[in-house]
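Following: one structure in structure tokens, then a few remarks.
Bear in mind these aren't lab numbers, they're just calculated from the coordinates by the rules spelled out. None of these values were measured; they are calculated from a predicted model. A quick note on method: Cβ atoms are made from the backbone with ideal geometry, for glycine too, and the neighbour counts reach across all protein chains shown.
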Amino acid sequence: MSRIPLPYNPKVMDLFRHPKNLGKMDDATVVAVAGNPACGDMITFYLKIDETEQIIEKAQFESYGCAANIATSSIVTEMVKCLTLEKAWEDITWKKVTEEIGGLPSVKFHCGVLAVGALKRAIRQYYKEKGIAPPSWMPLDHTFEEKQALEEEELAKTLSKRLKIEEEKKAEK
Amino acid sequence: MVENVKELLKLHEGITHEVYLDNENSSIVPQEVVEEMVPYFSKKAYGNPTLTHKPGWEAFEVIMNCFGKISKSVGAKNLEDITFTPGETEANNLAIMGSCFAQKGKGKKIVISEIEPINVLQVAEMMQKFGFTMQKIPVNKEGFVNLEKLKEAVDNETILVSISAVNNEIGTVQPIKEAVDIVKAKNPNVIFHSDASDAYGRIPFNVQELNVDLATLSSYKIQGPRGMGAMYVKEGINLERVLEGQIGTQKLWPGVENTPLIVGFAKASELAFQNFEANAAKMRMLRDKLVDGMFSELDDLRFNGPKSDKRSPDNANVSILRAEGEALTIELSLSGVYVSSGSACSRRLLQPSHVLIAIGRIFEEAHGSILMKVTRSHTEEDIAYVLRVLPTAVNRIRGIVGSTGVH
């Protein structure tokens, strides 16, 4: 195991210590999950959507993960507030999140990616759950962040499968 | 990035009590040891011990005394059986590489336990590039090496076996004597190396009684200065150097001897062994208080490693479920409690400790693990403070997790 220095900036630390929009949302219009605890980060994203205006009224999160994961999730919930779904989809990218939070150590970029993955997944899910045809601005293919979230989840599955095999082998011994 | 550190440190202002429990990764050098070292930087014995002048002879004298102290502390036969190295990483590298290169042509198999520290594990893996083979011996749920598998693994091709006397993460005290007997009965030519960094100063470790051929010692792990360690090499065991340069008082490690650090290491050793039984008993008492306190204050914990006296007295390793390790270490730091987590961030995923995975912990359990090591310098007040701070920290982090990832 190798370790790298992680000198988090004040904004990351502030959001880690005092996360904004933290907690379960009971009246959420849509809920999406991204990541897996086996990979060390997992986010639940709640959106309350004004359905006539297609505007995100508020967003909340819960997260299992490091300080960067908590901070990036929290900042995404701030960034999407009062945005139309279209604008949220188009404007919020992992790079923007990293910028907004004042930079992250490179090994923590994936935290911002996962937070945006959770957001995009929630928006996509909204249309699916409501049975509304996806709007023209939403690509049928997964975005970079959604793909990354999927890859991480696949990785978690592979890992747990591998562990299970090893566990069985050990039991035989 | 480095400018962030000032702000990070500012967040720690106002801390009323500090307890450093991350003795796995570095340690506080007691003032007594520091004072012993200081004169050797510029007041005396600052010469190179191989040179023919007063400061050189002074250095030679003091270094010889330190060889004596360290060799005595592990029950070595001769002073020359000890080689000072810049740390246990270097000593373990020397043990593995030096044995392999010296035994070339006599065999090619290296046998290690699957929970060896990475400065054994990764070196053994690397040796495969040089035509050697490596086999890892499994451990059980408490981290004890499977001696049956060890017996099976050692064959005529085997040149080296490396098993730590005490595991650095979960404190398992391995049956080294039995392991040596098993290995030597199968093949008397095998070199048996034991990383004793976590045994030294904590449990009895006598190289002649255990009959090991090589043993690694660490200075900072007994509250000595960092950048210093040693290797015991039994008389008659042939090792090859892994670094070349000017050879001085020791034929296995080139370069100018670092007299102040050697003095500091020897002093730390003296202090560790001065009241050996009492020190061990104190560490055990503080460690048990810490662990018992955690289990009475918090639920959903897993204790990693053995519970019996077959555990090093300083080591506590606990998985805190529904909490992520790095977040916890930061939260605790803000309250003045310094620990490390068993997982480390890599580009895509958190890398769990290979030791915790080897004893059957799942990834989530490994990610929430914290490693704490007490020393004889800790007090009951320190432990009481940790127990006051820890539940609050855990509950806050668990509060962020909420319902996420709970299955």
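Helix A:109-130 axis versus longest C-alpha principal axis of chain A: approximately 50°, rounded to the nearest ten.
Within the protein assembly as shown, what percent of beta bridges assigned by DSSP are antiparallel, to the nearest 5? For the protein assembly as shown, the DSSP antiparallel bridge percentage is about 70. Put simply, when B:309-322, B:60-73, B:24-37 are sorted by average Cβ atoms within 10 angstrom per residue, most first, you get B:309-322, B:60-73, B:24-37. Among beta bridges identified by DSSP and lying wholly in chain B, the antiparallel ones come to about 60 percent. I'd like the orientation of helix B:259-274 relative to chain B: the angle between its Cα long axis and the longest Cα principal axis, in ° from 0 to 90, rounded to 10. With both axes taken from Cα atoms, the answer is about 70 degrees. Calculated from the alpha-carbon coordinates, the range B:260-380 shows an Rg and a Dmax of 16.1, 47 Å respectively. Summary value for the range B:32-273: 26 percent relative contact order, contacts being C-alpha pairs under 8 angstrom separated by 6+ residues.
The distance linking the range B:69-101 with the range A:20-99 is 55 Å (Cα centroid to Cα centroid, whole angstrom).
Label-to-label distance for B:W57 and B:V2 is 4.4 nm, based on points extended 7 Å past Cα in the beta-carbon direction. Peptide A:56-66 has a mean shielding of 5, counted as Cβ atoms of other protein chains within 10 Å of each residue's Cβ. Taking only the C-alpha atoms of chain B, the Rg (one decimal) and the largest Cα-Cα distance, Dmax (whole number), read 21.9, 72 Å.
Sequence-distant contacts, meaning Cα pairs under 8 Å at least 6 residues apart, place the relative contact order of chain B at 21 percent. Could you grab the relative contact order for the range A:1-136? Cα pairs under 8 Å, six or more apart, rounded to a whole percent. With pairs under 8 Å counted, the relative contact order is 27 percent. So if we plug the beta-carbon distance of A:S2 and B:T392 into 1/(1 + (r/R0)^6) with R0 = 30 Å, what FRET efficiency do we get, rounded to 0.05? Rounded to the nearest 0.05, the efficiency is 0.45. The rule of thumb for compact globular proteins, 2.2 N^0.38 Å, goes into the C-alpha radius of gyration of the range B:32-273 1.00 times. With Cα atoms defining each centre, the range B:283-307 and the range B:115-147 are spaced 29 Å apart in the structure. Spatially, the range B:373-387 and the range B:1-32 are offset by 16 Å when compared through their Cα centroids. Peptide packing for A:81-90, B:207-216 was compared via the average number of neighbouring C-beta atoms within 10 Å per residue; ordered from the highest value, the list is B:207-216, A:81-90.
Of the cross-linked pairs B:K109/B:K234; B:K109/B:K307; A:K161/B:K109; B:K10/B:K373; B:K141/B:K234, which ones have a Cα-Cα span greater than 23 Å in the structure shown? As for pairs spanning more than 23 Å Cα to Cα, those are B:K109/B:K307; A:K161/B:K109; B:K10/B:K373; B:K141/B:K234. Shielding value for A:4-16 is 5, the average number of Cβ atoms from other chains within 10 Å of each residue's Cβ. What angle do you read, to the nearest 10 degrees and between 0 and 90, between the alpha-carbon axis of helix B:380-401 and the longest principal axis of chain B? Value to nearest ten degrees: 60. For the protein assembly as shown, the mean residue ellipticity at 222 nm estimated from helices alone is -13500 deg cm²/dmol, where every DSSP H run of n ≥ 4 contributes -39500 (n - 2.57) and the total is divided by all residues, rounded to the nearest 500.
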